[in-house]
Amino acid sequence: MSADKSSYMELALAEAEAAAAAGEVPVGAVLVDGLSGEVLAAAGNRVERDHDATAHAEMLVLRAAAAKRASPRLSDCDLYVTLEPCPMCAQAISFARIRRLYFGASDAKGGGVENGPRIFTQPTCHHRPEVYGGMDEARAAALLRDFFNARR
């Protein structure tokens, strides 16, 4: 793993930590121009803050980058996220034509990439990004575990 990839995941983890501090489920995402390495957008979950069930970190960075580029298609971009995307986010990733998806912890209950409906393997999926799971998995999983343990 190159230093660049780990620094992008480090930024996503920082976004997840900030989300947890704000009372949000600790998921962070960073969208990067895969050619230049420029960070186009970074966000943590804002579901509670925005009163919006779709305000997942992935959705927020996809929206921000699409607005920045004035295009719904982000085909040369790479997405770094601390948790396996849910089915909604996986479908949005496909629609946005994301080039590569890197994620930290797997999500056996709510995931949509390696678990659950496995969106990218469906015949109805029009675009399949390259997928790399398990990046900084232990740290990402610990953030989630600690967050939910504190609320029980």
Legend entry - 12 Å beta-carbon shell around Arg128, net charge (K/R +1, D/E -1): +3
Legend entry - Rounded percent of accessible protein surface that carbon and sulfur make up, segment 40-118, 1.4 Å probe: 52
Legend entry - Accessible-area ranking of Leu35, Leu62, largest first, probe 1.4 Å: Leu35, Leu62
Inset, instruction - Would you mind working out the accessible area per residue for segment 57-152, using a 1.4 Å probe, and quoting it in Å²? - result: 49
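First check a/c for the chain, with a ≥ b ≥ c the square roots of the eigenvalues of its C-alpha gyration tensor; if it is under 1.5, answer rounded, and if not, answer prolate when a/b is larger than b/c or oblate otherwise. Walk me through the intermediate numbers first.
Numbers: a/c = 1.39, a/b = 1.28, b/c = 1.09.
Rounded is the answer for the chain, as its axis ratio a/c remains below 1.5.
The values are calculated or read from the model by the stated rules, or taken from the named source; none is laboratory data. Source: prediction; values computed, not measured. Counting neighbours? That spans all protein chains shown, and the Cβs are built from the backbone with ideal geometry, glycine included. Ligands, DNA and RNA are stripped out before the accessible areas are found, and what is left, the full protein with its side chains, is counted by its heavy atoms. Shrake-Rupley method; radii C 1.70, N 1.55, O 1.52, S 1.80 Å.
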